[in-house]
1. Does residue 28 satisfy the criteria of being without any contact (Cβ under 8 Å) to a residue 60 or more places away in the chain and over 14 Å from the mean Cα position of the chain (by Cα)?
2. Kindly provide the set of residues from segment 30-55 that are open to solvent by 50 Å² or more (accessible area, probe 1.4 Å), at pLDDT below 90 and not in a loop (DSSP other than H, G, I, E, B), ordered by number.
3. So, in segment 1-29, of the ones that are under 23 Å from residue 59 (Cα atoms) and not in a loop (DSSP other than H, G, I, E, B), which residue ends up most open to solvent (accessible area, probe 1.4 Å)?
Amino acid sequence: MQVLLNGYFSGTVQIEAPFLNYSKKDVVDLAMQYQVPLELTYSCLTQNSPPCGRCPACSDRVKNYEHR
């Protein structure tokens, strides 16, 4: 992807992915360390608001965040 962007933008646009090698648990731990208000966020594969609570993303969230 970076090579493609370099071709279009002559190297002035750079892709950064600081959490690429982080697990979901690692991201949650870091967010909690920096007191990110996770209660204001959600991930739902059905794109519901409020979240469905049943899809894999909602299940992961419960497993990785809400039982802390």
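The values are calculated or read from the model by the stated rules, or taken from the named source; none is laboratory data. Owing to the predicted nature of the structure, the values given are computational and were not obtained by experimental measurement. With ideal geometry, Cβ positions are generated from the backbone for all residues, glycine too; neighbour counts draw on all protein chains shown. These accessible areas exclude ligands, DNA and RNA; they are computed on the full protein's heavy atoms, side chains included. Shrake-Rupley method; radii C 1.70, N 1.55, O 1.52, S 1.80 Å.
1. Judged against the criteria, residue 28 is not a match.
2. Result: 39, 40.
3. Let us first name the residues in segment 1-29 that are under 23 Å from residue 59 (Cα atoms), namely 19-29.
From what is left, the residues that are not in a loop (DSSP other than H, G, I, E, B) are 24-29.
Values: 24: 117, 25: 97, 26: 69, 27: 59, 28: 23, 29: 51 Å².
Across segment 1-29, the extreme among qualifying residues is 24.
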